[in-house]
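These notes concern the structure reproduced below.
The values are calculated or read from the model by the stated rules, or taken from the named source; none is laboratory data. Worth saying up front: this structure is predicted, and the values here are computed from it rather than measured. Neighbour counts are summed over all protein chains in view; Cβ atoms, including those assigned to glycine, are modelled from backbone coordinates with ideal geometry. Remember, those area values only see protein heavy atoms, side chains included, never the ligands or the DNA or RNA. Shrake-Rupley method; radii C 1.70, N 1.55, O 1.52, S 1.80 Å.
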Amino acid sequence: MHDILEQLSICVERGKVDIKSPFPADMKGREGADELTRKAIENKIPASKILNDALMTGMQRIGEKFGQGKAFIPDLLIAAKAMNAAMEHLKPFFESGEAKHKGKIIMGTVSGDLHDIGKNIVKMVLKGSGWDVIDLGVDVSSQKFIDALAEHPGSYVGLSALLTTTMLHMQDTTQVIKDTYPGTKVFVGGAPLSQEFCDKIGADGYFRDPQSFAKYLSGIVQ
Amino acid sequence: MKKFNSLAISNADDLIFGNAQNPVKCGNGMVIGDGVVFPEINFTLPSIKISGETWKEVLQQYREIADNISRRARALKAPGFVVEFEQLPPMTQNPQMGAEITEILKNALNQLYQNDGIKNALRVTVVDLRDADRPPQLRDGNACHQTLSAFELSAQAGADILSIESVGGKEIHDQALMYADLKGIIASLGILAYRDVSWLWQQIKTITNRYNIIAGGDTACGFANTAMQLAGQGMLPDILAALVRAASVPRSLAAYENGAIGPSKDCAYEGPYIKAITGTPISMEGKSSCCAHFSPLGNIAAAAADLWSNESVQNVRLLSGNAPEVFYELLEYDCRLFNTATKHNTQRQLRELFVQSDIRQNIQALMLEPETVLKISRAIVEQTGGYNQTLAAAKTAFHCMQQAADSGLVHLSEIESSWFLKLKQELDEVPVLEDEALNWLYENYGSLFIPESYNLKNLV
C-alpha cells in the first residue's frame, strides 16, 4: 500500500483528525486524516483508492477491535470523525460520481417512542462505515417513513424501539413500507426485541449491536 | 431556593438503609426513612398497543396488577409499601389517560389500607415529553404543557408522590457521552441540566403544594444510567460511566434545592449522595431490577436504600403468578432482611456485605461506597452553583478511582487503563470557569440546544 494511505488508515483507526488534535497522545503534533488526505489527492491517488484502501481500512480495523472488546464506541466515533475530516476533501469526487457511498439507509424510532440514543449510535457507526444515513428522529409515523422512501428511493430502512408497547408499531410500519414499496429491506433493533419478533412482523433482520448491523449491510452490498 | 452547604450525614456509618435524617410522611400512613425499608413495586404493560381500541384492556391490566399486588401484600403480612406508576408516553400525552390509571391504583391502595391496615403510598412518574423535539423546547410548547398537565391531573387523581426523569441537557449529553467528551458532559450536566431541573421542580412544587402531596425527586437516568447501560454492553469505559454517575449528582440535587423532599426515584443511583447531602429518604434498585435492566451495582445499591425497588416488570405470567406480584414478593423478602438486620442491630454488618460483595468487581460500584459517597458529596457542598459542583464531583470521583486502582482495590483492564489516562488529560482541560464553559458549549454544541430553554442568552 502507498505509504500515505497506510499513514492515513492509521489516523482513521486511531482517531487522529488533524495536526492540532491532542489525541492520541503519542501522535501529538503529527499530521492527521485532514492533512494526509489532501496530500494523497495532491499525489494524484484516486479518490476511490483513498476511500477504500485508507479510510475504510482504518474504520474496518477499529471496527474489528470493537468487536473483540478492545475498543469502545467513542473510539469508533472518533475514528469516524477522522474519516469525516478526510471525506470533506473527497466530497467533490462523490459529487462527480467518481466515488460512491455504500448506500442509503433511512432510520427512525417508531411512533410513540422517544428513545434515541441506541438509534444514534447505530447511525454514527453506519456513517463511519461509509453509509449515507437519513435520520428521521423519534416518534416517527409510518407515513414519515413512506415519505422518506419517496424522497430516497431504494433506501434500506432501520426501525428502533425501546418500549414493549411501542415495538408493536414496528409491525404496522414494516407492513406499510412493504405494501407501498415492495422489496424494501426493513431492519429492526432495540432492547425488548428478538429475532422471533423480527420474523413475526416480517422484517428482514434484527441486530443486537451496531457493529453486527454494519457488517451485515456491508455484506449484502458487496 | 434552598442551598445545601454542609452534609446532612457526615459519618459514613450513618449512611445506611432505612434511616434518613428527614423522613417523609405520605399516602396511607406511610413514613419513609424512619427506620424501616419498604418495597417500591413497579410494573408496566405487556406487549399491547395503547389506543382507543385497547384502552379497556389497558385499564384491566392495571386493575389486575393492583389486585395481585394487594393479594401478595396481605399474604406476606406486609407492613407497608409504595407503588410506582410510571407512565408510558401516550399516558402523559393524554394526561386524562394517566389520571384514569392513577385513580384505579389509588382506589385499590385505599381499599387495602381500609380493609387490611397495610400502609401504602402511590408515586406517579410522568414522562418528560419535552425531549421529543430536537433541539427541545423545555419551558414552553405543547410537550411542556402536556408534561405539566400530566402532573396536575395525576395529583388530582390521587397521586401521593410526584416524580420525573427529566431530560434537560440530554440533547448535548447524549452526543458528548458517545464521544467521551468530558467538556461537553460536564457543561451539559452542570449548566444545562442543572438549570432545567431547577426550573422544572419549581413548577412541580407549585402543583404538589396545591394538592398537599409530596414532591419526590428527579433522576439522572437519561444521563448516568445511559452511561451505565452502554458500559455494560462494552460500548463505553466503566470509568467514564462512574465519572458520569458522580457528575450527575448536582443536577439531581437541584430538585431538592427547589422543593423536592424525597423519596428520590428508584433509578437515581445518585440517591446515596442526595441522602448524604439533604437527609431525604431514597428509593434504590439493585439486583431486584434485573427484570428491567442489568447493572454492576446489584448489592451495593441497597446500602443506603429507604425504599427498595424492582424498576419495572411487564405484567406477564410466570410459573408462580404474574411478574409484578412475583417481584413484589421478592422485594418484600429483601425488606424483611433489611429490617431484621436493623432490629438485631446488625445493619452495619449487612451494609458492609452489600458493599464488599460488589466493590471489587466493577469500578462503577466504587461510586456507591459510603466513604466515597461522602468524599464526593463534601466536594459538592463546598462549591456553589451547578457547574462548579459538577466539576468538583467529577474531579473528586476521578481522584477516588485513581486511589482505588493504585491501592489494588479495583483492577482496571488494559483498555480501561488507557482510557483512564485519556480522561485524566481531558479532565485537566475542562474549563474551570462557568462562563468559559458556556462559551465553549455555544461554540461546539450551539446548534443542538435552545438557549432560551435554559434562560440563557441567545448569541445568534
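Surface composition of chain B: carbon and sulfur atoms hold 48% of the protein heavy-atom accessible area at a 1.4 Å probe. A loss of 50 Å² or more of accessible area (1.4 Å probe, protein heavy atoms, ligands and nucleic acids excluded) relative to the isolated chain is seen in these residues of region A:10-31: A:Phe23. Using the rule -39500 (n - 2.57) for each DSSP H run of four or more residues, divided by the residues of the protein assembly as shown, the 222 nm mean residue ellipticity is -15500 deg cm²/dmol. Rolling a 1.4 Å probe across the protein heavy atoms gives chain B an accessible surface of 35 Å² per residue.
Placing unit charges on each Cβ (+1 for Lys and Arg, -1 for Asp and Glu) gives region A:104-221 a dipole about its Cα centre, and among A:Gly154, A:Pro210, A:Gln143 the Cα reaching farthest toward its positive end belongs to A:Pro210.
At a probe radius of 1.4 Å, figure out the B/A buried accessible area, summed over both chains, and give it in Å² to the nearest 100.
Values: alone 17580 and 11200 Å², together 26040 Å².
Counting protein atoms only, the buried area is about 2700 Å².
Ranking B:Leu438, B:Gly321, B:Thr54 by Cα position along the charge dipole of chain B, where only Lys, Arg, Asp and Glu carry charges on their C-beta atoms, puts B:Gly321 farthest toward the positive end.
Highest mean first, how do B:75-83, A:166-174 rank when packing is the count of other Cβ atoms within 10 Å averaged over residues?
Details: B:75-83: 20.6, A:166-174: 22.7.
The densest-packed peptide leads the list: A:166-174, B:75-83.
Counting Cβ atoms of other protein chains within 10 Å of each residue's Cβ and taking the mean over peptide A:111-117 gives 6. Given their separation in residues at 0.36 nm each and the Cα-Cα distance between them, B:Asn209 and B:Ala75 gain 44.7 nm when the chain is fully extended.
Using only alpha carbon pairs under 8 Å that are at least six residues apart, calculate the relative contact order of chain A and give it in whole percent. Let's see the in-between values first.
Values: 377 pairs, mean separation 35.8, N = 222.
Value for chain A: 16 percent.
So which residues in region B:137-183 end up with at least 20 square angstrom less accessible surface once the other protein chains are there, compared with the chain by itself, probe 1.4 angstrom? SASA drop of 20 Å² or more in region B:137-183: B:Asp174, B:Met178, B:Tyr179.
Let me spell out the model: positive unit charges on the Cβ of Lys and Arg, negative unit charges on the Cβ of Asp and Glu, origin at the Cα centre of region A:104-221. What dipole size does that give, in debye rounded to 20?
Rounded to the nearest 20 debye, it is 300 debye.
Per residue, the solvent-accessible area of chain A (1.4 Å probe, heavy atoms of protein chains only, all protein chains present) comes to 44 Å². Against chain A, whose longest principal axis is taken from its Cα atoms, helix A:3-14 shows a tilt of about 50°.
Can you tell me what share of the DSSP beta bridges in region B:12-454 is antiparallel? A percent to the nearest 5 is fine. Walk me through the numbers on the way to the answer.
Working: 6 of 30 bridges.
Beta bridges within region B:12-454, antiparallel portion: roughly 20 percent.
When the accessible area of region A:104-221 is computed with all protein chains present and a 1.4 Å probe, what percentage of it is carbon and sulfur? Answer for region A:104-221: carbon and sulfur cover 50 percent of the accessible area. By DSSP, the beta bridges lying fully in the protein assembly as shown are antiparallel in about 15 percent of cases. Percent of C-alpha pairs per 5 Å bin in region B:169-294, short distances first: 2, 12, 21, 22, 19, 14, 7, 2, 1, 0.
Apply the a/c threshold of 1.5 to the C-alpha gyration tensor of region A:74-121 and tell me whether it is rounded, prolate or oblate.
oblate
What is the distance in Å between the Cα centres of region A:33-49 and region B:249-322? Rounded to whole Å, the Cα centres lie 53 Å apart.
Measuring between their Cα centroids, region A:134-211 and region A:76-97 lie 28 Å from each other. The eigenvalues of the Cα gyration tensor, multiplied by 5 and square-rooted, give region A:3-95 an equivalent ellipsoid with semi-axes of 21, 15, 11 Å from largest to smallest.
Quick check for me: using +1 on Lys/Arg Cβ and -1 on Asp/Glu Cβ, what's the dipole size of chain B about its Cα centre, in debye to the nearest 20?
On the way: 38 positive and 52 negative charges, 203 e Å.
For chain B, the charge dipole is close to 980 debye.
Annotation: average projected area of region B:1-121 is 10.2 square nanometres, based on the convex hull of Cα atoms across all directions.
Other protein chain C-beta atoms within 10 Å of residue C-beta, averaged over A:164-170: 5.
Remark: mean inter-chain Cβ contacts per residue of B:415-422 equal 3, using a 10 Å Cβ-Cβ cutoff to other protein chain atoms.
Normalised by the number of residues in region A:1-50, the average gap of Cα pairs under 8 Å and 6 or more apart makes the relative contact order 33 percent.
Pair-distance distribution of chain B: all C-alpha pairs, bin width 10 Å, starting at 0; shares per bin in whole percent are 5, 22, 32, 27, 12, 2, 0.
Considering just Cα atoms, how many Å³ per residue does the convex hull of region A:1-158 enclose? Each step should come with its number before you reach the end.
Working: hull volume 18.5 nm³, N = 158.
In region A:1-158, the Cα hull volume divided by residue count equals 117 Å³.
One compactness figure for region A:104-221 is 0.92, namely its Cα radius of gyration divided by 2.2 N^0.38 Å. Looking at B:Val355, B:Val197, B:Tyr454, which one has the Cα that reaches farthest to the positive end of the dipole of chain B (charges on Cβ: Lys, Arg +1; Asp, Glu -1)? Looking along the dipole axis, the top candidate is B:Val355. For region B:273-429, the square roots of the Cα gyration tensor eigenvalues, ordered a ≥ b ≥ c, give a/c of at least 1.5 with a/b greater than b/c, which places it in the prolate category.
Under the criterion of Cα pairs below 8 Å and six or more residues apart, the relative contact order for chain B equals 22 percent. Remark on the protein assembly as shown: ratio of C-alpha radius of gyration to 2.2 N^0.38 Å is 0.97. A straight line joining the Cα centroids of region B:143-171 and region B:8-27 runs 26 Å.
Below 12 angstrom from the Cβ of A:Thr164, what's the summed charge of the other residues (Lys, Arg +1; Asp, Glu -1)?
Working: positive: B:Lys49; negative: A:Asp113.
Result for the neighbourhood of A:Thr164: 0.
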